[in-house]
Amino acid sequence: MFRGPSSAKSADASPAPATQASTRNLDVAVWLLVCCSLVFAIVVVGGITRLTRSGLSIVEWQPIVGVLPPLDDTAWQEAFQKYRQTPEYRLVNPDMSIAGFKRIFWWEYLHRLLGRLIGLAFLAPLLWFALRGRIARALTWKFAGIFALGALQGAMGWTMVKSGLVDDPRVSQYRLAAHLGIAFLIYAAMLWIALDLFSPRAPRTNAAPEGLRRFAVALAALIFLMVLSGGFVAGIRAGLAYNTFPLMNGHVVPPEIFAIEPWYLNFFSNMATVQFDHRLLAWLLAFLVPWFWLRVRREAVPRRAGLAADLLLATLALQIALGIATLLLAVPVSLAAAHQAGALLVFSAALLTAHSLR
């Protein structure tokens with residue numbers, strides 16, 4: 001049938017809305033990935049802050065005024081004087097000079113500054129996209145949930161610091177693990193939405209086997225659990241004990257694993273138990289991830305799912321190697337920070353794998 005000019009013009013113009021929607025999705029996805037990169041940075045800096053015992057150097061929470069560091073000698077002396085009133089100064093650093101204080105101050109300052117930057121980098125573009133109708137209605141509550149998690153994270157960070165400013169110059173391991181876990185949840189939520197926008201769900205006819213999809217989700221959950229166990233290892237400095245591998249000072253299971261009463265406190269406060277649990281999860285992943293990788297290779301899955309499984313296997317191998325080296329060398333700052341970064345890389349690979357198998 002003959003098609004007139006107006007019909008041709010209409011047909012040519014029809015893909016435009018889809019193209020515009022695709023461009024909008026791409027812009028939002030890129031913004032989320034930028035936010036993910038900032039969260040990755042703050043996780044690494046937070047690890048260094050903890051490893052250098054810098055987290056208690058700033059004893060006040062001033063969201064607005066605290067953006068500016070001390071700018072003259074008087075301000076530095078005032079900040080140092082406040083630190084000298086803390087149990088960490090009295091019990092750990094009684095001979096610290098102002099120069100030493102500045103070294104630990106800058107790590108904590110950078111950590112807090114990144115936190116503020118993440119809040120701004122998330123909220124300002126979100127409002128800009130929303131005012132221009134670039135946020136799909138289905139995503140509104142998801143972004144509201146991420147913002148709520150961010151607010152909770154800021155509050156948890158400060159309550160964590162406060163726990164180390166009272167009597168014992170060490171933050172609560174419970175709050176530290178929660179602080180780390182919330183950071184990973186925020187990262188996971190933003191990454192998952194970004195992946196959704198880059199790659200919509202596959203048709204049901206092309207979906208991977210249900211069992212394989214559940215396996216991938218279970219691995220991501222297990223890696224998250226391992227991250228939390230690592231938070232307890234860091235919180236009680238369990239990495240400074242049992243610096244042998246594969247045995248723990250000559251034992252498969254250390255005899256003092258249930259030395260604390262009541263028994264359940266051993267899982268959170270006993271160095272032997274906390275480190276044993278972290279190792280056990282590592283061994284479990286060292287078995288499950290290669291098994292999962294083999295299953296992916298044998299099934300008809302999308303190509304990107306196979307690549308994601310390769311990435312998961314490779315990052316886990318790297319992470320286990322970093323963990324062993326960190327343990328044997330008694331937690332040097334550089335290796336321990338790399339190990340914390342590696343945890344987020346493994347988690348990212350697990351999320352990418354699970355998403356590619358939807």
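The values are calculated or read from the model by the stated rules, or taken from the named source; none is laboratory data. Since the model is a prediction, treat every value here as computed from it, not as a measurement. Positions of Cβ are generated from backbone atoms using ideal geometry, with glycine treated the same way; all protein chains shown enter the neighbour counts. Quick note on the areas: whole protein, heavy atoms, side chains included, nothing else; ligands and nucleic acids left out. Shrake-Rupley method; radii C 1.70, N 1.55, O 1.52, S 1.80 Å.
Residues that are touching a helix residue (DSSP H, G or I) at 6+ places or on another chain (Cβ under 6 Å): find the helices (runs of 4 or more DSSP H) completely inside region 67-184 holding 3 or more of those.
Where helices (runs of 4 or more DSSP H) fall fully within region 67-184 and carry at least 3 residues being touching a helix residue (DSSP H, G or I) at 6+ places or on another chain (Cβ under 6 Å), they are 98-131, 137-163.
Among the residues of region 94-112, write down those that are in contact (Cβ under 8 Å) with a residue 24 or more places away in the chain and open to solvent by less than 60 Å² (accessible area, probe 1.4 Å).
101, 104, 105, 108, 109, 111, 112
Specify the residue that is nearest to residue 212 (Cα to Cα); the eligible residues are those in region 296-310 that are open to solvent by less than 70 Å² (accessible area, probe 1.4 Å) and in contact (Cβ under 8 Å) with a residue 12 or more places away in the chain.
Looking at the filtered set, the residue picked out is 296.
Considering each of 182, 236 in turn, give the residue that is more than 19 Å from residue 330 (Cβ to Cβ), open to solvent by less than 40 Å² (accessible area, probe 1.4 Å) and out of contact with any His (no Cβ under 9 Å at 6 or more places or on another chain).
182
Would region 319-327 turn up any residue that is under 23 Å from residue 37 (Cβ atoms), open to solvent by 60 Å² or more (accessible area, probe 1.4 Å) and in contact with a helix residue (DSSP H, G or I) (Cβ under 8 Å, 6 or more places away or on another chain)?
The answer is no; no qualifying residue exists.
Does any residue in region 41-57 that is closer than 13 Å to residue 334 by Cα and among the hydroxyl-bearing types (Ser, Thr, Tyr) come within less than 8 Å, Cβ to Cβ, of a residue that is open to solvent by less than 30 Å² (accessible area, probe 1.4 Å) and part of a loop (DSSP other than H, G, I, E, B) six or more places away or on a different chain, and which pairs are these?
49/55
So is residue 23 modelled with pLDDT of 90 or more and either open to solvent by less than 80 Å² (accessible area, probe 1.4 Å) or under 30 Å from residue 146 (Cα atoms) (or both) or not?
Here the answer is no, as residue 23 does not meet what is asked.
Tally the residues that are in contact (Cβ under 8 Å) with a residue 60 or more places away in the chain, buried (at least 19 other Cβ atoms within 10 Å of the Cβ) and among the hydrophobic types (A, V, I, L, M, F, W, C), restricting the search to region 161-177.
Residues flagged as in contact (Cβ under 8 Å) with a residue 60 or more places away in the chain, buried (at least 19 other Cβ atoms within 10 Å of the Cβ) and among the hydrophobic types (A, V, I, L, M, F, W, C) within region 161-177 amount to 3.
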